[in-house]
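A.B. asks: I have a structure here, written as structure tokens, and I will follow up with some questions on it.
The values are calculated or read from the model by the stated rules, or taken from the named source; none is laboratory data. Here the structure is a predicted model, which means the values were calculated and not measured. A quick note on method: Cβ atoms are made from the backbone with ideal geometry, for glycine too, and the neighbour counts reach across all protein chains shown.
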Amino acid sequence: MQGWWMETTILSIPLWNWVVALAVATAVLFLLLWIRRFVRGLAARRSDKHHLWLTNMLLRAIASTSAFALFVLAVLIGVKFLDLPAAWRSGLSQLWFVAVVLQVALWASSATTYAMGRYMDQRPDVNRVTMTIVAMTARAVLWVIAILAILDNMGVNITAFVASLGIGGVAVALAAQVVLSDLFASISIGLDKPFEPGDFIVVGSIAGSIEHVGLKTTRIRSLGGEQIVCSNTELLKQTIQNYKRMDLRRIAFRFTVAYGATAEQAKAIAGAVKDIITGIEGTRFDRAHLLQFSERGLEFEVVYYVLSADYNRYMDIQQKINLAIMRKLENQDLQFGRGEMRVRYEGGQAEARQLGEAGPSPAPGG
């Protein structure tokens, strides 16, 4: 029996050698599975603190090791105990390289996914579409490098292969340049953040709130209620006014008091406007002056700041200021300058002249 055990061969290898190799492979496989289970439990118990993020990333990468990869590794270790011919050993060495490269690529892919997910959790304001594109691109580049390394190790001339990929890539880029342009514009929006969902922007003749930033288009909900879909590339080519990031609003407006007011009354009006604005919460007074003598009367210019970007808040404050100015003029028996029609008869002919319009008006600046 012992002679049969020693003399029986399979593929020119003694049977006892096969049994030893199988036993080693089985033991190694169970050991590797136990190590993976232990690492997974350790990764699940670890807190995801800032100073431990690198350790957690490594643990999760190791925990993502596939059972198939462990099986291949165990078989390759068991085969080491076989007395194989030289040709077989050369082939197994290449198989070793393939297995190691694939597993390292899997670990790197898992680490990339974890790092991107953790970054998005810590930065909820980041554009998730852009970060997803970045993660997919990083994983794609990683796997391309891994495959090229495997092909090169197997003796394939990858120079011509890479050259053909480059030519094919140029052809695809030319055919889909519009789509790729919008795709890169989406990445630019995600990284540079000129606007984010919820921001109120004005672009050309479009005014509305950002609803969604996609791979190719950005959707804007206009003031009229309709949804406007803009190409990302065309959107970035224009000047964008983002009102949500406005910390304060500068207001300049003018009003005209009819002639008849004295110099002291005009001075008192400017001082009264200052008192009115400083008495309103959420404002910062800048100046109030008698600007010029116009056809309608004494024209005043006022500049102040609303310490809020809310447009409704600005309109409430402006209305309060306007009403207070009206009451001040009423108390002093003064009137706003208004347009008049004056008719003068000379030699039996009538000559008419229309004077300016009445009331406060916004100023271009101050």
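A.B. asks: Give the residue, chosen from LEU298, LEU248, that is of a type in the set (A, V, I, L, M) and modelled with pLDDT under 90.
C.D. replies: LEU248
A.B. asks: Mind telling me which of the residues ARG287, ARG296 ends up being assigned by TED's automatic domain parsing to the domain that holds ALA324, surrounded by fewer than 17 Cβ atoms within 10 Å (Cβ to Cβ), charged (D, E, K, R) and touching a residue at least 40 places away in the same chain (Cβ under 8 Å)?
C.D. replies: Every option except ARG287 fails the conditions.
Let's see how each residue does on (1) surrounded by fewer than 17 Cβ atoms within 10 Å (Cβ to Cβ); (2) touching a helix residue (DSSP H, G or I) at 6+ places or on another chain (Cβ under 9 Å); (3) of a type in the set (Phe, Trp, Tyr); (4) farther than 26 Å from GLU330 by Cα:
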position	(1), (2), (3), (4)
ILE210	no, no, no, yes
THR239	yes, no, no, yes
MET246	yes, no, no, yes
ILE251	no, yes, no, no
GLU264	yes, no, no, no
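A.B. asks: Then there is this: Kindly indicate whether GLY347 is outside the structural domain of SER209 (by TED's automatic domain parsing), modelled with pLDDT under 90 and at positive phi.
C.D. replies: Taking the combined requirement at face value, the residue satisfies it.
Residues checked against (1) aliphatic (A, V, I, L, M); (2) under 27 Å from ASP199 (Cβ atoms):
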residue	(1), (2)
ILE269	yes, no
ILE277	yes, no
ALA288	yes, no
SER294	no, no
GLN319	no, yes
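A.B. asks: Which condition breaks for ALA27 when tested against (1) in a loop (DSSP other than H, G, I, E, B); (2) at pLDDT 75 or above?
C.D. replies: All conditions pass for ALA27, except number (1).
A.B. asks: Would you tally the residues in the stretch 133-188 being polar (S, T, N, Q), closer than 24 Å to VAL229 by Cα and modelled with pLDDT of 75 or more?
C.D. replies: Of the residues in that region, 3 qualify.
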